[in-house]
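See structure below.
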Amino acid sequence: MADTRTTQIHSIYIDAPAEKVWQALTSSEYTNRFGYGGDITFEAKPGGRMIHHTTPAMKDMGMGDDALIGTVVEVEPPNRLVLDWQAAWHTDEPPQRLTYELTQGPSGLTRVTLTHDVTDAPETAKDVAGNGKVEEGGGGWPWVLSSLKTLLETGRTMTTAGS
């Protein structure tokens, strides 16, 4: 059964400095190579937009130009990013608060904690929890973060990830 808690918290350690993790989360140079892929538009200021654009494969499935749309609430590079976030396929649900916290240790290892408040967004909650069917797009945040880790630690795209 899918996890539909009102707040989902996912953490992972990545053997990369926080600045590199930040770049991966906020620049198309990396966003095309992990998770669901696609370019990103990121305005690094409160009130700025963060738009994760669709890939050609997503468009072939009938999606529009944008997969995810966010408004920047807080931005503290390279440690904290808070967004009001919404998936394009769940516009019937309100935007949710998404928080990335990056904590780098003395060795350069970075803990990434993603907190997603999915209050009043049960369909989004099911999607982002992941359903284990990654080949069908059902990996959710656990798969996205694993893909990010693979890319930053090995330089290669994880199987089934990227555009």
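Tabulated data for the structure shown
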| item | result |
| --- | --- |
| Cα gyration tensor, the stretch 49-94 - rounded (a/c under 1.5), prolate or oblate | oblate |
| Global form of the chain, assessed from the alpha-carbon gyration tensor, a/c cut-off 1.5 | rounded |
| Average Cα contact separation per residue, the chain, under 8 Å, 6 or more apart, as relative contact order % | 30 percent |
| Residue-normalised accessible area of the stretch 37-140, expressed per residue, 1.4 Å probe, Å² | 50 Å² |
| 5 angstrom amide H check on Gly162, placed H, neighbours 5+ away | Phe34, Gly35, Tyr36, Gly37 |
| The chain - percent of accessible surface contributed by carbon and sulfur, probe 1.4 Å | 50 percent |
| Under 30 Å from Lys133, Cα to Cα: lysines that are on another chain or at least 8 residues apart | Lys20, Lys59, Lys149 |
| Sequence-distant residues sharing a close amide H with Arg80 (under 5 Å, placed H) | Leu102 |
| Derived scalar couplings ³J(HN,Hα) [the stretch 146-161; Karplus, 6.51 cos²θ - 1.76 cosθ + 1.60; whole Hz; x for Gly, Pro] | 5, 5, 4, 4, 4, 4, 6, 8, 10, x, 10, 7, 5, 3, 6, 9 |
| Overall form of the stretch 92-147 per C-alpha gyration tensor (a/c, 1.5; a/b vs b/c) | oblate |
| Pair Thr103, Thr6: separation of 7 Å Cα→Cβ label points (nm) | 2.5 nm |
| Computed [θ] at 222 nm, helices only, for the chain once each DSSP H run of length n ≥ 4 contributes -39500 (n - 2.57) | -7000 deg cm²/dmol |
| Total formal charge among the other residues, if their Cβ is under 13 angstrom from that of Gly105, Lys/Arg +1 and Asp/Glu -1 | 0 |
| Net charge contributed by nearby residues that have their C-beta within less than 14 Å of Ala24 (K/R +1, D/E -1) | -1 |
| Cleavage-rule hits, trypsin sites (Lys or Arg not before Pro), the stretch 73-163, DSSP coil, Cβ neighbours within 10 Å at most 11 | Arg156 |
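The values are calculated or read from the model by the stated rules, or taken from the named source; none is laboratory data. The structure presented is a predicted model; accordingly, all values stated were derived computationally and were not measured. Reconstructed Cβ throughout: ideal geometry from the backbone, glycine too, with neighbour counts over all protein chains shown. Remember, those area values only see protein heavy atoms, side chains included, never the ligands or the DNA or RNA. Shrake-Rupley method; radii C 1.70, N 1.55, O 1.52, S 1.80 Å.
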